[in-house]
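So the structure is just underneath, and the comments pick up after that.
Readers should treat all values here as calculations from the given coordinates under stated rules, not as data from a laboratory. Values in this document were obtained by computation on a predicted structure and should not be read as measured data. Glycine gets a Cβ as well: all are built from the backbone with ideal geometry, and neighbour counts include every protein chain shown.
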Amino acid sequence: MTTAKLPAWANKPVSRRHEKFIQAALFLCAALSVLTTAAIILVLLTNAVYAPGDKTAFFERVSLWEFVSGTHWKPTDGADARFGILPLLCGTLMVAVIASLVSVPAGLGAAIYMSEYASPREREFLKPILEILAGIPSVVYGFFGLKFITPWILKPLFSLVGIDLPIFNALSAGIVVGIMVTPLIASLSEDVIRSVPRSLREAAYALGSTRFDVSARIVVPAALSGILAAFLLAFSRAIGETMAVAITGGQRAIATLNPMEGAQTMTGFMVHASTGDSAADSISRMSIYAVGIALFVITLTINIISGWILRRYREVYQ
């Protein structure tokens, strides 16, 4: 019995040089996100907490307690300036909560339908539509809310009960942001739901369960950790939305939880203040970095909670 002769190139030792190069390139790609995050934190801290050189940082002029507990936000360079972040925080949370009330039922319903009810042809049609919604710029959503949702939908509805809804209001901003984050919830939730083993579905169908029973009592509870993580990520995305809320919500920074009034969010203030003509080292300009730190801490906390829920309640199937 004769053995086949290997070609000459197969007997040569495999070069590891290109593998080391690929490994180094992948490491740089992974480290890029870490370096970017570190640079963002450095910029925020050097302008809000400690400013090198002749500059004076924000928290060197304003106490942390006044910033956290103050109920008035008037970022000027005069003696009547007030730097309490609670009005901006109220506006941000109000818009995010309204967005969650809009996006959670719509996104989860779309995810369940595409994974459990839709045929392959319907799924191929719906997925690109959701991707198109996710790709529309936020400024377009902002003008959509300002020119369509508020004057053509909300104002006629509120006029039926005798309420004159202003053009700029938190309710319209929350609805617009909710439409924006719905594709994110739908896409992430569908991936989690489709990862549930098919054996669980087949066992439930074998016991006589209906499709609704399988979806509501088997599939969704099995994928609950991933669904909750998707909700928290979408909530974080709603908190960080900028242009849509800046256009539809207005620039009125007041400590209120009334969604029918105008509200300024933290991101909306950062957009408005960064386009002003104040001096670079003025306290009104430095307040942008203080609000940025607060926003960074909030979104980071939500992302950490999301990751903890995903790890803590993840279901492992064999």
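Quick notes
- Highest to lowest packing among 169-178, 19-28, scored as the average C-beta count within 10 Å: 169-178, 19-28
- Shape analysis of the stretch 83-312 based on the Cα gyration tensor places the equivalent ellipsoid semi-axes at 37, 21, 15 Å, largest first.
- Peptides ranked, highest mean first, by Cβ atoms within 10 Å: ranges 203-213, 70-80, 291-301, 234-244: 234-244, 291-301, 70-80, 203-213
- Length added when fully stretched, ASP281-ARG312, from 0.36 nm per residue minus Cα-Cα: 6.6 nm
- Cα-only Debye scattering, the stretch 26-136: base-10 log of I(q)/I(0) at q = 0.10, 0.16, 0.17, 0.23 Å⁻¹: -0.64, -0.95, -0.98, -1.17
- TYR205 versus ILE132: modelled label distance in nm, points set 7 Å from Cα along the beta carbon direction: 3.2 nm
- Zero-based 10 Å bins, Cα pair distances in the stretch 140-183, whole percents: 30, 53, 16, 1
- Ordering of 103-113, 152-162 by burial proxy (mean other Cβ atoms within 10 Å per residue, highest first): 103-113, 152-162
- Between the stretch 132-178 and the stretch 183-240, the Cα center-to-center distance that results, in Å: 30 Å
- The count of lysine pairs in the chain whose Cα atoms are under 29 Å apart, excluding pairs fewer than 8 places apart on the same chain, comes to 5.
- Extended-chain gain in nm, criterion 0.36 nm per residue less alpha-carbon gap, VAL139 and LEU257: 40.0 nm
- Rounded to the nearest 500, the 222 nm mean residue ellipticity of the chain from helices alone is -19500 deg cm²/dmol, with -39,500 (n - 2.57) taken per DSSP H run of at least 4 residues.
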